[in-house]
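The values are calculated or read from the model by the stated rules, or taken from the named source; none is laboratory data. Keep in mind that this is a model prediction, so the values were computed, not measured. Every residue, glycine as well, gets a Cβ built from its backbone with ideal geometry; the counts of neighbours run over all protein chains shown. Heads up: the accessible areas ignore ligands, DNA and RNA and are worked out on the full protein's heavy atoms, side chains in. Shrake-Rupley method; radii C 1.70, N 1.55, O 1.52, S 1.80 Å.
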Amino acid sequence: VSINFGFVRKVGQKYFVSNKETDSFSKAVEFCSQQGLELALPQSEEENRILTQLIGEADKTAWINVNNKRAEGNFRSDMKNQPLTFTKWGEGEPDDSIQGTGCTMVSETGMWRVTQDCSLNAHIICQI
């Protein structure tokens, strides 16, 4: 597999890769899976910090691989429905008023939040 990304950051046994492109949550998931990768999901404070370094100046958010269906774990599991081992929710997050679908993004401060607007443009960062 030739991996050709503009930005690569190694953290522990994991790599976060990005072309600094932004798109919707579904496009982010699709892009990573087309590369044979998955959407980034920080699993430690260090990974969360490295991930935020990949977020550009303009759009200061990136999608992360948290399950986007409230019914499948209340935003406390990943897209494969495994419980999250690390979280960094901002105040009042995950937003309990969100029923149905909500997509999780990390901001440049490293805090996580759920948005109902999954079509927002946020950075696409995959992990290897």
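Numbers below:
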{"quantity": "In the range 114-128, residue least open to solvent (accessible area, probe 1.4 Å) [restricted to those that are farther than 12 Å from A62 by Cβ and part of a loop (DSSP other than H, G, I, E, B)]", "calculated": "C118"}
{"quantity": "Selection status of I50, in contact (Cβ under 8 Å) with a residue 60 or more places away in the chain, closer than 24 Å to E21 by Cα and not aromatic (F, W, Y)", "calculated": "no"}
{"quantity": "Qualifying residue in the range 3-21 (condition: surrounded by 15 or more Cβ atoms within 10 Å (Cβ to Cβ), more than 15 Å from I124 (Cβ to Cβ) and of a type outside the set (D, E, K, R))", "calculated": "yes"}
{"quantity": "Residue list for the range 53-85, filter: within 21 Å of C32 (Cα to Cα) and among the hydrophobic types (A, V, I, L, M, F, W, C)", "calculated": "L54, I55, A62, W63, I64, V66, F75, M79, L84"}
{"quantity": "Residue, farthest from R70 (Cα to Cα), within the range 82-113, restricted to residues that are open to solvent by 10 Å² or more (accessible area, probe 1.4 Å) and in a strand (DSSP E or B)", "calculated": "S107"}
{"quantity": "Selection status of V29, within 16 Å of the chain's Cα centre (by Cα) and more than 23 Å from T101 (Cα to Cα)", "calculated": "no"}
{"quantity": "Hits in the range 32-46 (condition: under 20 Å from N68 (Cβ atoms) and in contact with a strand residue (DSSP E or B) (Cβ under 9 Å, 6 or more places away or on another chain))", "calculated": "C32, S33, Q35, L37, E38, L39, A40, L41, P42, Q43"}
{"quantity": "Where N48 falls short, out of the listed (1) outside any strand (DSSP E or B); (2) closer than 14 Å to C126 by Cα; (3) open to solvent by 80 Å² or more (accessible area, probe 1.4 Å); (4) not acidic (D, E)", "calculated": "(3)"}
{"quantity": "Boolean, S97 is out of contact with any strand residue (DSSP E or B) (no Cβ under 9 Å at 6 or more places or on another chain) and without any contact (Cβ under 8 Å) to a residue 12 or more places away in the chain", "calculated": "yes"}
